[in-house]
Amino acid sequence: MVKSNFFISTAIDYPSAKPHCGHLYEKILADVLARWKRLDGFKVHFSTGLDEHGLKIQRLAEKEKKTPKEFVDKMSKPFLELCKIYNISYDDFIRTTQKRHEKVVKNILTKLYKNKFIYKAYYEGQYCVECETFYTTKDLVEGKCPVHKKQTEFFKEEGYFFKMSYFQNKLISYIKKKHFIVSDKKRNEILNRLNEPLKDLSITRKNVWGLQFPIDSKYNVAVWTEALINYLTTIDYPKKKFKTFWPGYHLIGPDIVWHHTIIWGSMLMACKLKLPLVLTHGYINLEGEKMSKSLGNIIDPLELSKKYQTDSIRYFLLREIQFGKDGDFSENKLTEKHNNELVNDLGNLVSRTLTLAVKSKGNIRGKQELKINVNKIDNLMQEFKINEAIAGVWAFIKSVNKYVNDKKPWELEGKKLDNVLYNLLESLRIISILVSPFIPETAEKISKALNIKLGKLKDCKFRKINYKVKQIPHLFEKIDVPKPINKEKNIGIITMDKIKFSDWQKMDLRVGKIKAVKDHPNAEKLYLLLIDIGPIEQNIQLVAGLKQHYKKEELLNKKVIVFRNLESAVIRGEESAGMVLAAVKDNKVVLITPDKDIDIGARIQ
Ligand code: ME8
């Protein structure tokens, strides 16, 4: 019997580059929530997919000399592969270039037009191509996009607008009264932004890759306006599936809450449709900075899956990071969780239980001696406290391991042994159900070893079962703790046959003085240094990764050693004509400064 219906969606990703661990994290979270609801007897619709229109895609396709459609067809592949490899149990993978989406977009926009919420006017503003979003000058941080820290572009054009401003008060009172934005922090952030007058939304673009605007064929629909409608496309709006599943939960990252609450909320209000629930997770960071294609600091989850079991990666992300909070990606922590909790706690329990059980003659009977509070775990899952729910399951696994140690079944025989085995096998059966949303492959392996079909939440009770157990290979193998990436190398001794004096002389190392320090316009961690290297060449520009180590004023007028004749390079759009020498220890960078008396331009000999 179906308990109720549950619709969960992820954001649809831009296929502008390969997926990264942030995309993976969102899909795993949604997958876990979908799987848990299925275990609980709900009818589930879980959608994920790709946001395939917009200027960003158009420009990337041009660069590769492909049509935008050819480009997204190619780029969709790793996203589909990601879902397959990581066992993302979606019911629908939507791509906004599919015909079915065009129909629903047309339906919704025509409705907005008929309800008199669309008009024509001029728009001018700063546009971030990375977020495909207009910003007011006030929103910009030091003149750049607040999310991507990139230079915005100025656009002015005539186009169509959606009367979003009309919904300002309705949105404020809805957000205050209803369970709409699940995170309190995000709810307050949005309410704060709504203290300022809400502007109308530009919903069309000219000559930009997108769906045709149904009201005026000279225009295309702006990518966000159309992308949000994917949530209705995936449930066949306005047909039966829509009636079954709407409204659902939108699981998204922190950077797109405004789009999903204010833009989407007002569009839905204008169509007289119910509003969904908006659920936000945190960022996956790398060394404290958001992992993102545009910042270029990504971990490729497809590469990662060649090194670690996907269940170990899923487990690490879910167990280590508190839902709603940011978390750092760390291979060391992943390995630690794998070795301690998957190999030692779960893997060993399964292997020692199966070893004992295969020797038994079957028809194992006993009395329940172990306890688990499934309701408590279920309540944690209802509150999206996924890491605490896993901790609850692991507390049970640890208690079963302790039970084995206390009972010493290898010293027992007959009914006493049967009793312990009964408790162990029933515990394993319940564990296989409870871990299945988090580590689905492992759960399947356990249930196959027990020779039973994976059960549902209602089956998490001790009962009488006739087991025909099979031994299986170890679920997890221990892995070595990865070596730190910045491990210092022992350079070794150089003999005169390996390096010639003339080689050393080829390096033009000079004393220079920093005359000016500016932020690199396109990179968060970099400075542009203007360095005086003496009367012959005078000032040269270098790009230096010193921002995390020095304030601008600490660098100004500092004497440094410049590696002058290193081939110059363009780093994120800025020329760098050499390098400054520095000593590095434990990720701390300290510039090598020559004695004050030495002249600028002097060569290091
Ligand atoms: O925003 N950690 O696409 P997108 C966690 N197409 N989540 C992250 C992340 C990180 N480091 N980086 C990105 C878009 N995300 C639009 C969505 S929906 C109608 C349109 C999350 O590819 C991000 O917050 O830039 C978003 O929820 C999802 O990945 C897709 O990001």
Rg over Rh, two decimals, the range 5-290 (C-alpha only, Kirkwood Rh): 0.93
The chain: calculated mean residue ellipticity at 222 nm from DSSP helix runs of at least 4, using -39500 (n - 2.57): -10500 deg cm²/dmol
Candidates per GluC sites (Glu not before Pro) in the range 85-179, loop by DSSP, up to 11 other Cβ within 10 Å: 142
Pairs from 116/243; 333/445; 150/559; 290/547; 144/385; 199/325 whose Cα-Cα separation, in the structure shown, is over 27 Å: 150/559; 144/385; 199/325
Cβ-placed point charges (K, R +1; D, E -1), dipole of the range 5-290 about Cα centre in debye, nearest 20: 1100
Net charge, residue 322 excluded, C-beta distance under 11 Å - Lys, Arg +1, Asp, Glu -1: 0
Nearest-20 debye value, the chain charge dipole, Cβ charges on Lys, Arg, Asp, Glu: 2780
Given 138/558; 18/588; 163/218; 306/588, the pairs whose alpha carbons are separated by over 26 Å: 138/558; 18/588; 306/588
Viscosity 1.306 mPa s, temperature 10 °C, Stokes-Einstein D of the chain from Kirkwood C-alpha radius, µm²/s: 57
Cβ-based net charge around residue 349, under 12 Å, with every Lys or Arg adding one and every Asp or Glu removing one: +1
Computed magnitude of the charge dipole of the range 330-459 (debye, nearest 20; Cβ of K, R +1, Cβ of D, E -1): 540
Reachable aspartates and glutamates from residue 241, criterion Cα separation under 15 angstrom, eight or more residues apart if same chain: 91, 92
Value of Rg to Rh for the range 1-92 (Rh from inverse mean 1/r over Cα pairs, i.e. Kirkwood): 1.08
Neighbourhood charge, 13 Å Cβ-Cβ cut-off, centred on residue 267 and excluding it, Lys, Arg +1 and Asp, Glu -1: +3
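Only the coordinates and a few stated rules stand behind these numbers; no lab work does. Since this is a predicted model, take the numbers as computed values, not measurements. Reconstructed Cβ throughout: ideal geometry from the backbone, glycine too, with neighbour counts over all protein chains shown.
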